[in-house]
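The values are calculated or read from the model by the stated rules, or taken from the named source; none is laboratory data. Note that the coordinates shown come from a computational prediction; the quantities given were computed from them, not determined experimentally. Here the Cβ positions follow ideal geometry from the backbone for every residue, glycine too, while neighbour counts run over all protein chains shown. When the accessible area is computed, the model is the full protein with side chains, heavy atoms only, and any ligands, DNA or RNA have been set aside. Shrake-Rupley method; radii C 1.70, N 1.55, O 1.52, S 1.80 Å.
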Amino acid sequence: MHRPSRRSFLQFGGVAAAGVLGALAQAEAAHTPDDSFLRLRRRWREVTAGSGTYDPAAEPYRSRLAELGRVAARYRDTMAPARTWLWPDQVFPSFMATPRRLRAMAQAYVLEGTGLTGDPGLGAAVAAGIDHYREHVYAAGADPAGNWWHWQIGVPKALLDTAVLIGPQLDERRSLALRDAVDHFVPERRLGDYSGTSTAANRVDLCLVVLLRAMLRSDPGKAALAVSALSPVFRYVREGDGFYRDGSFIQHTYVPYQGAYGVTLLSGLATLFAVLRGSPWEIAHQLVFDMVERSFAPFVRDGACMDLVRGRGVGRRPFGDHEKGHEIAAAILLLGEAAPAAARARWHAMVKGWAARNTYRPMLEHAEPAFHARLAAIMDDDAVPAAPEPAGHRLLPMSARAVHRRPGWCAALSMASHRIGHYEHGNGENPRGWHTGSGMLYWWAGGHGDQYSDSFWPTVDPYRLPGTTVSTRRLPDGAGEGWGDTRTRRRWVGGATDGTYAAVGQHLSGLESTLEAFKSWFFLDDAVVCLGAGITGEDGARVETIVDNRRTDAPLTVEAGWAHLDGHGGYVVQGSLGTLRERRTGGGVARDYVTLWLDHGVDPRSAGYVYLLLPGASRAETRARAADPGWVRVLANSARLQAVRVPALGITAACFWNAGAVGGLSASAPCAVLVREIPGGTATLTVSDPRCDLDELTVTWARPVAEVLGGDALVTGSTFTFRGLADQEGASKTVAVRLG
């Protein structure tokens, strides 16, 4: 079995020894006027260390605990306190390295099976180390130079966690000094204003710090503050950081972030719910339970979290998407302990399905012990089914993201708008993610769960990301404002979905270029129809649409009107298709790529494109689709309107960039429309207002309507009138009718 990295193991730990917990409880009782804090500290150790969830003498726990003990002993034996270090190889400030070593030592002290369980010398060393770091780095009155996060979240959370683990080993003098330092850097006013760096995931982390501070000194006022200050997190927002009604989660004002800050928020709330359960400060909130399936699950595929909601962290290390997917799964299982039974049952089945299908970084092989124990329990439980990937479409217009799932394949779309940046860079990370918001179309079929995981970001050509339309004008690293404010002025970004199919569009402005384009995607059963129009630029540079850029060395077949990549899928393309096979290097590794693109020339004027993506299609299926031009009929492809009809599915769909008419549909204002005729004489008509500014929209469909079966619209003859779309935040409205 793969041994997890030392860093990940030390971060989460294993099982707390009942004997040590009992001894700690007895020692604390004499100092705890309210036994609520005695229980809180015990519960913290249980929840964060996984006490009682597995047998420490059984594998793989025994080996991991023994390794933790060896690491902790080495840290203890090499401590050499001096003015500028606690360990000579970690010169101060060493913001997180030194506190993390101390926390690892504390875990070895608490956990049974480490060989150092309850060792007084180890406990004393940890206490001395906390005080030494507090005196020389984290001292009340010190200048908080550098990143605010270290001073207000990272360091105090690690030090307080360590202090709570070792309990009375941290004597009164040292405990008071640590309290004063935390109060200096995290004053109560940090939780008084929900703005700046005290929102969403950061707010949850700050509340965790304050709760740990309360546990350190048995302070009920601080505990109450930690809980009350969470309340803004439990409200939907319409702008800025937090959860939106469509399931979007935003941090840094402009960045969809379920896969990084969102993981921190979900993990933090799961921990708070679990630790505080049964205490005077118990919390649980339905919004958080709802967001598991509305906000996080749509972006996890086979246990990996999609990169389009991971912000600047996408290129940190290979398989980071799988790491974040595992963290989401771990948080969901912990949160499930506080959730209603029906939700918990669904989540167990969902996580079990992820784990069963995750063959690239198997969850059980890479799980920290506490998560391993929870996951192993449901994997071994025959009463828990492994839920399959759900089929359907999820469109999150407030974050300019879409995810489309059909049996055997999945696609995800990343766009930019007036509210969402093209990309985020900061702290030197992701300096070449310029075009990820230019319509990047991720897709997976027939496996390939590592397509964007295995060193994709350091090796891919950043000007040729799949699905994008870009000016090849050279950009500097970190082009545009930092921290995600790389928005465009375009408001028409979004689309209409009936939950199965979708018409999605983006009025695109290039990042730091004159590029303008109108891009539409029609998501169907076995294909994505991709249209581009009005492609214009004045940069003196070529403009390209990247049909695909696959990290593979698979054979490529190119024929007139179509192409096929063995083991991946097919493409039906109008126009001359550029192809390139190359081996690219970056980050000390090399990877093979096959790139397909359409060249619109230098400074194009109203160029366009049409192509079909066929994920998982065989060569014969691709050839057959190319030979059947009537399968999809492009009704319009202009800067005013893009529309298609798919007779076999009964679908007519359009992105109206302006009021207009096409294929029996007319719209009184810019909107997205999806009509689906259903065998048996019924149909649905779905609309949305991506610009969020329509008080009223009239759509006329040249089909007689006999009866309205449901939906929120006034239907007169063949005219559908929708009101209040501006307040829908880009969400779709569907009307079901019986045709005459």
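Just a few scattered comments:
- Residue within the range 397-415 that is surrounded by fewer than 18 Cβ atoms within 10 Å (Cβ to Cβ), of a type in the set (Gly, Ala, Ser) and part of a loop (DSSP other than H, G, I, E, B) present: yes
- Condition check for ALA367: open to solvent by 10 Å² or more (accessible area, probe 1.4 Å) and small (Gly, Ala, Ser): no
- Qualifying residue in the range 416-437 (condition: polar (S, T, N, Q), in a strand (DSSP E or B) and buried (at least 24 other Cβ atoms within 10 Å of the Cβ)): no
- Within the range 540-580, tally of residues that are assigned to a loop (DSSP other than H, G, I, E, B) and either more than 32 Å from the chain's Cα centre (by Cα) or closer than 14 Å to TYR611 by Cα (or both): 9
- Residue check, SER36 open to solvent by less than 40 Å² (accessible area, probe 1.4 Å), among the hydroxyl-bearing types (Ser, Thr, Tyr) and modelled with pLDDT under 90: no
- Residue within the range 279-301 that is touching a Cys at 6+ places or on another chain (Cβ under 9 Å), charged (D, E, K, R), touching a residue at least 12 places away in the same chain (Cβ under 8 Å) and closer than 24 Å to PRO407 by Cα present: yes
- Check on ALA330, of a type in the set (Gly, Ala, Ser) and closer than 25 Å to ALA201 by Cα: yes
- With respect to (1) touching a strand residue (DSSP E or B) at 6+ places or on another chain (Cβ under 7 Å); (2) buried (at least 23 other Cβ atoms within 10 Å of the Cβ), the lone exception for MET105 is condition (1).
- Candidates ALA355, ALA387, ALA376 - the one that is surrounded by 20 or more Cβ atoms within 10 Å (Cβ to Cβ) and either touching a helix residue (DSSP H, G or I) at 6+ places or on another chain (Cβ under 8 Å) or part of a strand (DSSP E or B) (or both): ALA355
- Within the range 461-471, considering residues that are open to solvent by 10 Å² or more (accessible area, probe 1.4 Å) and not basic (Lys, Arg), the one nearest to GLY586 (Cα to Cα): ASP461
- Residues satisfying the stated conditions in the range 189-229, i.e. without any contact (Cβ under 8 Å) to a residue 24 or more places away in the chain and assigned to a helix (DSSP H, G or I): ARG189, GLY221, LYS222, SER228
- Enumeration of residues in the range 475-512 that are of a type in the set (Ser, Thr, Tyr), open to solvent by less than 30 Å² (accessible area, probe 1.4 Å) and not in a strand (DSSP E or B): THR486, THR488, TYR501
- Test set (1) buried (at least 19 other Cβ atoms within 10 Å of the Cβ); (2) without any contact (Cβ under 8 Å) to a residue 60 or more places away in the chain - CYS692 fails condition number: (2)
- Odd one out for SER606 among (1) farther than 30 Å from CYS671 by Cα; (2) of a type in the set (Ser, Thr, Tyr); (3) open to solvent by 70 Å² or more (accessible area, probe 1.4 Å): (1)
- Within this structure, ALA607 passes the test of being of a type in the set (Gly, Ala, Ser) and within 20 Å of HIS507 (Cβ to Cβ).
- ALA82 being within 32 Å of the chain's Cα centre (by Cα), surrounded by fewer than 22 Cβ atoms within 10 Å (Cβ to Cβ), modelled with pLDDT of 95 or more and not acidic (Asp, Glu): no
- Within the range 117-172, being open to solvent by 10 Å² or more (accessible area, probe 1.4 Å) and of a type in the set (Phe, Trp, Tyr) holds for TRP148, TRP149, TRP151.
- Residues being touching a His at 6+ places or on another chain (Cβ under 9 Å) and assigned to a helix (DSSP H, G or I) - total across the range 334-352: 0
- A Cβ distance below 7 Å, combined with a sequence gap of six or more or placement on separate chains, defines the contacts here; from the range 112-125, residues that are touching a residue at least 24 places away in the same chain (Cβ under 8 Å) reach residues that are in a loop (DSSP other than H, G, I, E, B) and β-branched (Val, Ile, Thr) in the pairs GLU112/VAL15.
- When the test is whether a residue is polar (S, T, N, Q) and in contact (Cβ under 8 Å) with a residue 12 or more places away in the chain, THR721 passes it.
- Residue count for the range 248-260, restricted to those that are within 17 Å of HIS326 (Cβ to Cβ) and open to solvent by 10 Å² or more (accessible area, probe 1.4 Å): 1
- Check on GLY467, small (Gly, Ala, Ser), under 25 Å from GLY567 (Cβ atoms) and modelled with pLDDT of 95 or more: yes
- Positions within the range 184-222 being open to solvent by less than 50 Å² (accessible area, probe 1.4 Å), over 15 Å from PHE234 (Cα atoms), out of contact with any Ser or Thr (no Cβ under 8 Å at 6 or more places or on another chain) and charged (D, E, K, R), in sequence order: ARG213, ASP219, LYS222
- Listed by position, the strands (runs of 3 or more DSSP E) contained in the range 583-644 that have at least 3 residues being among the β-branched types (Val, Ile, Thr) and closer than 29 Å to GLY537 by Cβ are 589-602.
Yes/no per residue for (1) among the aromatic types (Phe, Trp, Tyr); (2) modelled with pLDDT of 95 or more; (3) closer than 27 Å to ARG490 by Cα:
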position: ALA627; (1), (2), (3): no, yes, no
position: VAL632; (1), (2), (3): no, yes, no
position: LEU635; (1), (2), (3): no, yes, yes
position: PHE656; (1), (2), (3): yes, yes, yes
position: THR686; (1), (2), (3): no, yes, yes
position: ARG691; (1), (2), (3): no, yes, yes
position: LEU714; (1), (2), (3): no, yes, no
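- Within the range 606-623, residues that are hydrophobic (A, V, I, L, M, F, W, C) reach partners that are in a helix (DSSP H, G or I) and open to solvent by less than 20 Å² (accessible area, probe 1.4 Å) with beta carbons closer than 6 Å, at six or more positions or on different chains, in the pairs LEU614/THR622.
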